[in-house]
Amino acid sequence: MPGITPDLSHLSVVGIFAHPDDEGFGCGGTLALLAARGARLTLVCATNGDVGQISDPSLATPETLAQVRQEELRQAAAVTGVQDLRFLNYRDSGMVGSRHNQHLASLHQASPARVVGRLAGILREVRPQVVLTHDSTGGYGHPDHLAVYRHVTSAVALASDAAAYPEQAPAGLTPWIVPLLYYVCFPRTQFRRMWHEMLTLGITPPFASKDAESLGCPDDEVTTTLNVRGFVDTKIASLNCHRTQLDPNGPFARFSPELMREIMSTEYFALARRDGASGEADLLAGLW
Ligand SMILES: [Zn+2]
């Protein structure tokens, strides 16, 4: 209910995303809100964004970008209030069909069983009540987003299975049921709106799609909409830590600050799993 500010110091939340900065646009306000109310936040970043853009050559080279982006994420996470930041250290797989898909260190080439096992181990260690990750569309279909969606979904299921990963038990990583799994969504109407705004401004939308109709998720898949207006300054400050990704000539740079604030003030989720035994209702829906 709006106006109620519950103490969430009993709550552990794990966000698992593909690249440094994926946490920000989709759920940075929600993470800041959770942190402000005392929740313990763990953020897991699967790749180091090795093949992302470099907005300013004085910031990084292709060789140093992974390291620089890790440091950017450390700063962004501190701004948001994340206490526990972990890197899985896979290599960014690049967009569909890129040569980076073939790199042996890439997430794309990693053994799914191995990645799922690592994630299940983290869930068993941290024992969160809430997990947040990419949705089945990956927003705009990035292979690493889709891989993380699949691997996290499997890891949440297997973390509770006593027969899975028995080798983790000696380290104290015993089965854990994650009560609530949310996918971070970008509803199609939001993409349509951004697409329209870009065309109006004479910008070519930066998505590998001819229109907005294959981007984001169908609106009716969104179960939970959060107004994070009160945390949008923190969200923007955190996003601004990802300096190598802030292209002053990029498509979003020409949106007015007012429009960007408005777009970033609402975050969308699909509640994918509510464990019958221990799950609360839609926890995020009750936060504002
Ligand atoms: Zn990403």
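The values are calculated or read from the model by the stated rules, or taken from the named source; none is laboratory data. Predicted model, so just to flag it, every value in this text is computed and none were measured. Positions of Cβ are backbone-derived with ideal geometry, glycine not excepted, and every protein chain shown enters the neighbour counts. Heavy atoms of the whole protein, side chains included, go into the accessibility calculation; ligands, DNA and RNA do not. Shrake-Rupley method; radii C 1.70, N 1.55, O 1.52, S 1.80 Å.
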Assess whether Arg86 counts as being open to solvent by 30 Å² or more (accessible area, probe 1.4 Å), more than 26 Å from Ala285 (Cβ to Cβ), at pLDDT below 95 and basic (Lys, Arg).
no
Quick one: which of Ser136, Ser111 is within 16 Å of the ligand (Cβ to nearest atom) and surrounded by fewer than 17 Cβ atoms within 10 Å (Cβ to Cβ)?
Ser136
Which ones in the stretch 9-38 are open to solvent by 10 Å² or more (accessible area, probe 1.4 Å) and more than 15 Å from the chain's Cα centre (by Cα)?
Ser9, His10, Ser12, Ala35, Ala36, Arg37, Gly38
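The rows are residues; the columns are (1) over 20 Å from Ala77 (Cβ atoms); (2) among the charged types (D, E, K, R); (3) at pLDDT below 95; (4) buried (at least 16 other Cβ atoms within 10 Å of the Cβ).
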residue	(1), (2), (3), (4)
Ser214	yes, no, yes, no
Arg229	yes, yes, no, no
Asp233	no, yes, no, no
Ile236	no, no, no, yes
Phe252	yes, no, yes, yes
Ser256	yes, no, yes, no
Tyr268	yes, no, no, yes
Glu280	yes, yes, yes, no
Gly286	yes, no, yes, no
Within the stretch 15-38, does at least one residue satisfy the condition of being in contact with a Pro (Cβ under 8 Å, 6 or more places away or on another chain) and either within 13 Å of the ligand (Cβ to nearest atom) or not charged (D, E, K, R) (or both)?
no
Restricting to helices (runs of 4 or more DSSP H) lying wholly in the stretch 120-221: which have 2 or more residues that are of a type in the set (S, T, N, Q) and without any contact (Cβ under 8 Å) to a residue 40 or more places away in the chain?
188-200
Tell me, please, whether a residue that is open to solvent by 20 Å² or more (accessible area, probe 1.4 Å), under 23 Å from Ser93 (Cα atoms) and within 16 Å of the ligand (Cβ to nearest atom) can be found in the stretch 150-163.
yes
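This table checks each residue for (1) under 29 Å from Glu71 (Cβ atoms); (2) in contact with a helix residue (DSSP H, G or I) (Cβ under 9 Å, 6 or more places away or on another chain).
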site	(1), (2)
Glu213	no, yes
Arg254	yes, yes
Glu258	no, no
Arg261	yes, yes
Leu284	no, yes
Leu287	no, yes
Would you confirm, using the coordinates I've provided, whether Arg91 is farther than 25 Å from Tyr140 by Cβ, open to solvent by 10 Å² or more (accessible area, probe 1.4 Å) and in contact with a strand residue (DSSP E or B) (Cβ under 7 Å, 6 or more places away or on another chain)?
no
Just to verify a result, which residue in the stretch 39-51, among those that are under 16 Å from the mean Cα position of the chain (by Cα) and within 12 Å of the ligand (Cβ to nearest atom), is surrounded by the fewest Cβ atoms within 10 Å (Cβ to Cβ)?
Asn48
When restricted to Val126, Val79, Val184, the only residue of a type outside the set (S, T, N, Q), open to solvent by less than 40 Å² (accessible area, probe 1.4 Å) and away from the ligand (no atom under 16 Å from the Cβ) is Val126
Could you list, in sequence order, the residues of the stretch 98-108 that are open to solvent by less than 60 Å² (accessible area, probe 1.4 Å) and assigned to a helix (DSSP H, G or I)?
His100, Asn101, Leu107
Leu173 versus (1) within 16 Å of the ligand (Cβ to nearest atom); (2) touching a helix residue (DSSP H, G or I) at 6+ places or on another chain (Cβ under 8 Å): which is the lone unmet condition?
(1)
